[in-house]
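Right, one structure below, let's go through it.
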Amino acid sequence: MVKKIIITEHARKRLQNFRQEKIIAVDVVEAAGSIPGRIPTATRFRGFFAKSGRMFDIVAKDISGGRLVITIIGK
């Protein structure tokens with residue numbers, strides 16, 4: 001089942017920071033969509049790769065409207 005992926009304003013702003021350089025929203029949506037199961041509380045998921053090759057982590061949780069990406073942490 002494909003859930004709607006919602007990226008918070010905070011996470012979108014983080015994509016503009018140097019540490020998250022070369023990570024785009026499409027990379028984040030694909031990463032969040034690839035996490036199986038339900039995420040009842042905010043949880044950090046590690047080891048995703050952007051198409052640019054940049055590694056990143058996301059913090060996400062499931063809400064009634066879909067999967068909420070709270071923040072993005074570039075490596």
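What do you reckon, is residue 16 modelled with pLDDT under 95, surrounded by 13 or more Cβ atoms within 10 Å (Cβ to Cβ) and not basic (Lys, Arg)? Break it down stepwise before answering.
Numbers: modelled with pLDDT under 95: yes; surrounded by 13 or more Cβ atoms within 10 Å (Cβ to Cβ): no; not basic (Lys, Arg): yes.
It is false that residue 16 is modelled with pLDDT under 95, surrounded by 13 or more Cβ atoms within 10 Å (Cβ to Cβ) and not basic (Lys, Arg).
Residues being assigned to a helix (DSSP H, G or I) and under 12 Å from residue 69 (Cβ atoms): count how many of those fall in segment 1-23.
Adding up the residues that qualify gives 5.
Quick one: what pairs do we get from segment 24-50, first residue over 11 Å from residue 61 (Cβ atoms), second surrounded by 10 or more Cβ atoms within 10 Å (Cβ to Cβ) and among the aromatic types (Phe, Trp, Tyr), C-beta under 6 Å, 6+ apart or different chains?
31/48; 48/56
For residues that are assigned to a strand (DSSP E or B) and out of contact with any helix residue (DSSP H, G or I) (no Cβ under 9 Å at 6 or more places or on another chain), tally how many sit in segment 35-56. Walk me through it before giving the result.
Applying the first criterion (assigned to a strand (DSSP E or B)) to segment 35-56 yields 43-49, 55-56.
Next, from what is left, pick out any that are out of contact with any helix residue (DSSP H, G or I) (no Cβ under 9 Å at 6 or more places or on another chain): 43-44, 46-47, 55.
Final tally of qualifying residues: 5.
Within segment 24-34, does at least one residue satisfy the condition of being of a type in the set (Asp, Glu), part of a helix (DSSP H, G or I) and within 15 Å of residue 5 (Cβ to Cβ)?
Filtering segment 24-34 for residues of a type in the set (Asp, Glu) gives 27, 30.
Among the residues that remain, those that are also part of a helix (DSSP H, G or I) are: 27, 30.
Then drop every residue that is not within 15 Å of residue 5 (Cβ to Cβ), which leaves 27, 30.
Yes, some residue in segment 24-34 is of a type in the set (Asp, Glu), part of a helix (DSSP H, G or I) and within 15 Å of residue 5 (Cβ to Cβ).
Return the residues of segment 35-75 that are surrounded by 17 or more Cβ atoms within 10 Å (Cβ to Cβ), among the small types (Gly, Ala, Ser) and within 19 Å of residue 18 (Cα to Cα); say none if nothing qualifies.
The answer is 50, 74.
The values are calculated or read from the model by the stated rules, or taken from the named source; none is laboratory data. Keep in mind the model is a prediction, meaning the values are calculated, not measured. Neighbour counts are summed over all protein chains in view; Cβ atoms, including those assigned to glycine, are modelled from backbone coordinates with ideal geometry.
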